[in-house]
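Only the coordinates and a few stated rules stand behind these numbers; no lab work does. All figures in this text were calculated on a predicted structure; none of them were measured in a lab. Note that we place each Cβ from the backbone using ideal geometry, even for glycine, and neighbour counts take in every protein chain shown.
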Amino acid sequence: MSGLDRWLEVAQSKWRAIRVHVARFSPVLVDASQLASEDVVARWRAVRALAGRARPPLLPRLIELTGDADAMVRAAAEDALVSWGPAAALEPVRQALAQTPPPRQTAALLAVLARLPDPANRAIILPWLDHEDEGVRAAALMALAALCDDEDLLTLQRALKEGHREIQRAIFA
């Protein structure tokens, strides 16, 4: 390896380290128009960019995206909300559930509650156990199970015996 090759290798290594360091502190350059893009990939990228970087003005749109037609966008929206933590996400998610969103969005919001367990979630979760949509009931059971409360064991056992396959899978997941 010549001196020039060695110098280039060291320079590239240092440049990579600088880029990683700068990227960690760079601001999130996502706006509402990107979250509303017609392009699924653009929406997904915008939502992924919000993971771990709370932007309260974008919270209502992020909650809307939990009902997106694309499963990857929905999953990314769930991940982003969970990454913002309970202080930023729990109350808005509870409020969104109180407005009775469509089943797909309800299931996603209940999944967020499952990943951010809080005893106060119980009152929000319980009404969804009787929903007509099996996916919503399964998500509600997962959220209830995440609370790890002995009070809920009978409800979970009953759902296991009476439930359909999707609900049984949710309990064992």
Using 7 Å Cα-to-Cβ label points, what is the residue 33/residue 130 separation (nm, one decimal)? 4.7
For the residue pair residue 17 and residue 155, what label-to-label distance in nm results when each label sits 7 Å from Cα along the Cα-to-beta-carbon direction? 5.3
Given only helices, namely DSSP H runs of n ≥ 4 each adding -39500 (n - 2.57), what is the per-residue ellipticity at 222 nm of the chain, to the nearest 500 deg cm²/dmol? -20500 deg cm²/dmol
Cα gyration tensor of the chain - equivalent ellipsoid semi-axes, whole Å, descending: 40, 19, 15
Treat the range 28-91 as a sphere of radius equal to its Kirkwood radius over Cα pairs and apply Stokes-Einstein at 10 °C in a medium of 1.306 mPa s; give the translational diffusion coefficient in µm²/s, rounded to a whole number. 141
Apply the Karplus parameterisation 6.51 cos²θ - 1.76 cosθ + 1.60, with θ equal to phi minus 60°, to every residue of the range 70-85 and state each ³J(HN,Hα) to the nearest whole Hz, in sequence, with x for glycine and proline. 8, 5, 5, 5, 4, 5, 5, 5, 4, 4, 5, 4, 5, 5, 6, x
Karplus (6.51, -1.76, 1.60) ³J(HN,Hα), θ = phi - 60°, over the range 50-57, in Hz, Gly and Pro reported as x: 7, 4, x, 10, 4, 10, x, x
